[in-house]
Amino acid sequence: MDTEKLLKDIRDRIDELIDKAKDAGAEAREEMEDVIEDLKEQRDKLEDKLQDFKSKNEPKFEEAKFHIRKAAEELEQAVRKLFRKGPGAEEV
């Protein structure tokens, strides 16, 4: 599951808990509010860690994409050369 979708799912579930807490009795509501606050803090920590991970690793992903793109281009050229008919078909 995509991390963005996972975080959205967490947000949605917290919102559901908030709605349910409104209908609960006073004691249950207080307990649920404590749980909700804990969940929000954990969610915020996850979002911060994800953002930190992305910012630290984005250059690596960009470099990897560049190398993969170059490799794909070279592979395409090799396949074209391999299946080319006519003059130069024997070139390596």
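Throughout, read-outs are computed from the coordinates displayed, never taken from laboratory work. Predicted model only: the values in this text are computed from it and were never measured.
Summary table below
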item: Sequence-separation-based contact order of the chain, relative, with Cα cut under 8 Å and 6+ spacing, percent; result: 18
item: Angle between the chain longest axis and helix 3-23 axis [Cα atoms, degrees, rounded to 10]; result: 10
item: Helix axis angle, 26-83 relative to the chain longest principal axis, alpha carbon, degrees; result: 0
item: Option label - Rg and Dmax of the Cα atoms in Å computed here, alternatives (i) 13.4, 39; (ii) 12.9, 41; (iii) 26.3, 86; result: (iii)
item: Set Lys5/Lys49; Lys20/Lys45; Lys22/Lys49; Lys8/Lys40; Lys5/Lys54; Lys8/Lys65 screened for pairs whose C-alpha atoms are more than 19 Å apart; result: Lys20/Lys45; Lys22/Lys49; Lys8/Lys65
